[in-house]
1. Filtering the stretch 15-25 down to residues that are touching a residue at least 24 places away in the same chain (Cβ under 8 Å) and touching a strand residue (DSSP E or B) at 6+ places or on another chain (Cβ under 6 Å), which residue is nearest to Thr80 (Cα to Cα)?
2. Quickly run through the stretch 66-80 and pick out the residues that are in contact (Cβ under 8 Å) with a residue 40 or more places away in the chain, within 19 Å of Pro147 (Cβ to Cβ) and in contact with an Asp or Glu (Cβ under 7 Å, 6 or more places away or on another chain).
3. Step by step: first the residues of the stretch 128-163, then only those that are in contact with a helix residue (DSSP H, G or I) (Cβ under 9 Å, 6 or more places away or on another chain) and surrounded by 14 or more Cβ atoms within 10 Å (Cβ to Cβ), then the one that is modelled with the highest pLDDT. Which residue is that?
4. Pairs needed: first member in the stretch 141-159, within 10 Å of Ala90 (Cβ to Cβ); second member anywhere, among the aromatic types (Phe, Trp, Tyr) and part of a loop (DSSP other than H, G, I, E, B); C-beta distance under 6 Å; at least 6 residues apart or different chains.
5. Is it the case, given these coordinates, that Thr82 is β-branched (Val, Ile, Thr) and either over 20 Å from Leu141 (Cα atoms) or at pLDDT 95 or above (or both)?
6. In the stretch 37-65, how many are of a type in the set (A, V, I, L, M, F, W, C), touching a residue at least 40 places away in the same chain (Cβ under 8 Å) and surrounded by 17 or more Cβ atoms within 10 Å (Cβ to Cβ)?
7. Looking only at the stretch 15-27, which residues are open to solvent by 70 Å² or more (accessible area, probe 1.4 Å) and touching a Cys at 6+ places or on another chain (Cβ under 8 Å)?
8. Does Cys83 fit the bill of being in contact with a strand residue (DSSP E or B) (Cβ under 8 Å, 6 or more places away or on another chain), in contact (Cβ under 8 Å) with a residue 60 or more places away in the chain, in a strand (DSSP E or B) and under 23 Å from Gly103 (Cβ atoms)?
Amino acid sequence: YNPNGIFEVCALSPVPVEGGLQFASVVAGETSSCGLTPTGAAYCWGAGGILGDSTTQSSATPVAVAGGHVFRELAKPGATGTCGRDVDGAVYCWGENYHGVLGIGQEVRLELCGWLADNPYLRSHPPPDDWCYCTDTPQRLSALPGPAREVVAAGFTVCATLESGAVW
């Protein structure tokens, strides 16, 4: 943890990702990274509560994303969220839902992100309800009216192009 209480691992030169996995693609955010194996399994590593593994534990080595989904692609909206499109075109997101950036709604109160829950300042000064709450398992974007052919992210936005050509 750095002086602000945030989990981080820093290196002055490239270092290999441990764990012995092979990845077909990798996406990186501010406090976590995720990789997609050639068979479509997603793994994430970094700060706890946003890895999609149903825990709030941080991990320097890749951990399997919960749910057994087979993904075609991953995208990183915001600094600490991840979304994936599965082989059937369904889109799932997990991690930090900063002001609803993941598109999963806020019908259920999500837990405070593990990496922020460990921050001494935030324990005594909790953020507003919609500020930084997380889901530690993939949540389906059920509002999409059909299968997606692509999911992209930039800044604090995630978009999906449906097979129909419509963009959501």
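1. Here is the first cut: in the stretch 15-25, the ones touching a residue at least 24 places away in the same chain (Cβ under 8 Å) are 17-19, 21, 25.
Those still in the list that are touching a strand residue (DSSP E or B) at 6+ places or on another chain (Cβ under 6 Å) too: 18-19, 21, 25.
Working: Glu18: 21, Gly19: 21, Leu21: 22, Ser25: 18 Å.
The extreme case among them is Ser25.
2. Listed by number, the list holds a single entry, His69.
3. Residue satisfying both the conditions and the ranking: Asp136.
4. Once the first residue is within 10 Å of Ala90 (Cβ to Cβ) and sits in the stretch 141-159, its partners that are among the aromatic types (Phe, Trp, Tyr) and part of a loop (DSSP other than H, G, I, E, B) give Leu144/Trp168.
5. Working: β-branched (Val, Ile, Thr): yes; either over 20 Å from Leu141 (Cα atoms) or at pLDDT 95 or above (or both): no.
No: the conditions fail for Thr82.
6. Going through the stretch 37-65, the residues of a type in the set (A, V, I, L, M, F, W, C) turn out to be 41-42, 44-45, 47, 50-51, 60, 63-65.
Pick out the ones that are also touching a residue at least 40 places away in the same chain (Cβ under 8 Å) and you get 42, 47, 50-51, 60, 65.
Now restrict to residues that are surrounded by 17 or more Cβ atoms within 10 Å (Cβ to Cβ): 42, 47, 50-51, 65.
Result for the stretch 37-65: 5.
7. Within the stretch 15-27, Val26 is the sole residue that qualifies.
8. yes
The values are calculated or read from the model by the stated rules, or taken from the named source; none is laboratory data. Quick caveat: nothing in here was measured; it's all calculated off a predicted structure. Reconstructed Cβ throughout: ideal geometry from the backbone, glycine too, with neighbour counts over all protein chains shown. We work out accessible area using only protein heavy atoms, side chains counted, and drop any ligands, DNA or RNA first. Shrake-Rupley method; radii C 1.70, N 1.55, O 1.52, S 1.80 Å.
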